[in-house]
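Structure first, then comments.
Throughout, read-outs are computed from the coordinates displayed, never taken from laboratory work. The structure presented is a predicted model; accordingly, all values stated were derived computationally and were not measured. All Cβ positions, even for glycine, are placed from backbone atoms using ideal geometry, and neighbour counts span all protein chains on display.
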Amino acid sequence: MNPIQYLYFRAKFHSDSVAIRRLGSVLTYAQLLVLVRRMACKLRQLGIRPNQVVVTCLIQQQTDWTMALALMHEGVVTCSNHGFAPVPEDLEADFIITEKVVPGSSHGKTLLVDEAWLKDLPAVPEDFGPLSYGSGASLFRLVLTSGTTGQSKVVGLSVGEFLSRCMDNTQPTPPGSKAVCLFGLSTMLGFMAAFNSLLWGVTYYHANYFKEVINLIDAFQIEYLSGSPNQLAGVIEELQWTSKRLTSLVMVCYGGGEVSPSLLDKMRRDLCPNVTCRYGSTEAGGVSMLLVHDPNCQRGMAGYVLPEAEVQIVDASHTALTFNEEGQIRIKTPSLVKGYYNNPRETSRSFKDGWFYPGDRGKFLKNGLLILLGRESELINRGGVKVDPMAIDRCIQDYPGVQDAAAFSFENHLGLVDICVAMVVQNEFDLKALQKHIIAALGIDRDPSVFMRIKEIPRNQMGKPLRKQLQDSFGEGLRQQSRPKGSSAGPNRV
């Protein structure tokens with residue numbers, strides 16, 4: 001039982017078909033199998049054994065994918081890290097394969113992989129074959145959550161669980177289509193997109209930069225494009241510097257965050273009129289979908305619940321609520337995991353009585369549309385008023401001159417919880433006009449006390465703002481410089 005057998009099968013069945021393609025680089029299935037077996041042979045010589053946990057910190061997506069296949073060949077439990085971020089201790093890695101030394105786990109030997117390492121691969125004995133995972137219940141892949149709090153949790157999938165998710169017929173990209181997924185291999189969607197190329201015998205298209213993405217879509221008539229709102233915004237921004245029109249796209253799918261009305265308009269105008277929103281999680285898989293030109297759609301839309309999923313809105317006592325009542329979201333799906341890997345404390349918080357609590361607040365409309373209303377853990381208690389920072393984000397992100405924004409809480413000089421907005425804005429910007437806009441839209445109680453200009457909003461792999469990182473980076477400075485709400489001096493500038 002080893003999913004690498006799909007590669008062996010493809011290399012025999014249509015050896016000359018293209019397995020991996022990026023601009024200026026092509027690997028057929030036969031060539032890919034040769035490369036993977038040579039890499040696996042070297043890994044075996046270096047002492048990597050079945051059932052060990054190996055974490056890769058590799059920026060080049062093709063290198064990370066071929067390394068994942070080579071480790072899979074050896075029956076290894078694999079995990080792709082979020083770039084060079086610290087490796088979570090929960091992983092207890094036996095090996096860390098990286099392009100440079102990274103902070104993190106005290107476990108594991110570090111194996112540095114560079115171009116010289118990849119060129120110096122051994123010849124493979126004729127009898128060299130893949131090693132077994134044991135059974136469909138054996139641990140196969142560890143996936144890091146997006147880590148909106150700054151600390152990723154780890155989700156473990158068995159061989160059977162992973163293959164079941166890949167064969168889910170509610171995926172937004174139809175099997176066999178030409179598709180580009182912008183999500184990295186450290187995400188569930190990114191790794192599944194790569195593996196599905198083996199499963200369905202199609203080409204895995206990938207690019208490392210937005211300009212490459214555009215040229216790839218144009219050159220090979222890509223039909224489906226998926227990514228986070230921030231990634232798709234990057235493609236649109238890069239597209240403005242070219243004369244290309246991406247006429248081959250028949251669908252764009254986004255997930256991992258909400259899009260503003262202006263970004264949605266740009267997606268439909270510059271990429272494709274057909275845009276799909278997909279809501280789900282690493283822990284539960286896909287939960288809901290929506291075509292955003294649906295006449296019922298509105299801000300915070302997560303879509304209509306997929307047939308195999310069950311979603312409830314519950315109150316603090318876990319009692320199910322009715323239509324238009326706000327509460328916590330809880331989820332059941334056939335692919336729901338039972339808990340987090342090596343983390344019983346977080347498991348007990350998020351998994352209760354067979355349900356997964358993703359930490360999102362929401363409500364159902366009478367037509368069955370699921371609406372997201374922010375993160376439970378991110379609600380700001382400002383003098384008894386519960387403020388959703390996502391609502392402030394939405395209000396500001398479409399305001400003229402604002403390129404990006406994220407609200408977060410901080411403790412002011414009086415020891416009270418207050419609100420700051422970090423913004424990426426144009427040089428000439430009318431802050432007082434923006435404040436009037438916020439008060440008119442959200443009320444005085446939700447008007448931030450401090451507005452801060454920064455170069456870039458920190459976001460995770462799925463494009464969600466890292467509010468905890470903003471708090472840690474700027475909280476102390478804000479405490480010292482802030483003035484109490486209602487000060488005659490008006491909003492603070494930092």
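Run the paramagnetic zone check for residue 59: 7 angstrom along Cα to Cβ, then residues of region 196-231 with backbone nitrogen under 13 Å.
208-209
When the Kirkwood radius is taken over all Cα pairs of the chain, what Stokes-Einstein diffusion coefficient follows at 37 °C and 0.692 mPa s, in µm²/s?
Approximately 136 µm²/s, per Stokes-Einstein.
What is the spread of the Cα atoms of region 226-328 along each of their three principal axes, largest first, in whole Å?
So the three principal-axis extents are 56, 24, 21 Å.
If I model a spin label as a point 7 Å beyond the Cα along the Cα-Cβ vector, how far apart are those points for residue 376 and residue 137 in nm?
Between residue 376 and residue 137, the label points sit 3.1 nm apart.
Once you have the Cα-Cα distance between residue 219 and residue 320, take 0.36 nm times their residue separation minus that, and quote the gain in nm to one decimal.
So the extension gain works out to 31.3 nm.
With 22 Å as the cut-off, how large is the P(r) tail for region 379-493, expressed as percent of Cα-Cα pairs?
26
Determine, from the Cβ-Cβ distance of residue 124 and residue 89 and an R0 of 41 Å, the FRET efficiency 1/(1 + (r/R0)^6), rounded to the nearest 0.05. Show your work: numbers first, answer last.
Numbers: r = 35 Å, r/R0 = 0.86.
Calculated transfer efficiency: 0.70.
Which lysines, if any, have their Cα less than 24 Å from the Cα of residue 468, not counting same-chain residues under 8 positions apart?
153, 386, 455, 485
Sketch the reach of a paramagnetic label on residue 481 as a point 7 Å from Cα along Cα-to-Cβ, and name the residues of region 421-458 whose backbone nitrogen lies under 18 Å away.
The answer is 421-432, 435, 448-458.
What does the convex hull of the alpha-carbon atoms of region 1-208 project to on average, in nm²?
11.3
Give me the three principal axis extents of region 287-350 from the C-alpha atoms, as integers in angstrom, largest value leading.
For region 287-350, the Cα extents along the three principal axes come out at 44, 25, 20 Å.
Normalised by the number of residues in the chain, what is the relative contact order in percent for Cα pairs under 8 Å and 6+ residues apart?
Relative contact order comes out at 10 percent.
Restricting to the chain, what percent of DSSP beta bridges are antiparallel, rounded to 5?
Of the beta bridges lying entirely in the chain, close to 60 percent run antiparallel.
What does DSSP give for region 379-493 in terms of the percent of beta bridges that are antiparallel, rounded to the nearest 5?
Once the DSSP bridges in region 379-493 are tallied, antiparallel ones form about 70 percent.
Please list, by residue number, everything in region 271-294 whose backbone N is under 17 Å from a paramagnetic label point 7 Å out along Cα→Cβ of residue 310.
Output list for this probe position: 284-288.
What per residue convex hull volume, in Å³, do the alpha-carbon atoms of region 157-270 yield?
Roughly 102 Å³ of hull volume per residue.
What nm distance separates the two modelled labels at residue 441 and residue 45, each placed 7 Å from Cα along Cα→Cβ?
6.0
Between residue 268 and residue 352, how high is the FRET efficiency from 1/(1 + (r/R0)^6) when r is the Cβ-Cβ distance and R₀ = 41 Å? Nearest 0.05.
Calculated value: 0.55.
When the chain is fully extended, how far beyond the present Cα-Cα distance does residue 472 get from residue 291, taking 0.36 nm per residue of separation?
61.4 nm
I want to verify the translational diffusion coefficient of region 85-237 in µm²/s; compute it with Stokes-Einstein, Rh as the Kirkwood radius over Cα pairs, at 20 °C and 1.002 mPa s.
Working: Rh = 18.2 Å.
In µm²/s, the coefficient is 118.
Once you sort the root eigenvalues of the Cα gyration tensor of region 254-413 as a ≥ b ≥ c, which label holds: rounded (a/c under 1.5), prolate (a/b larger than b/c) or oblate (the other case)?
oblate
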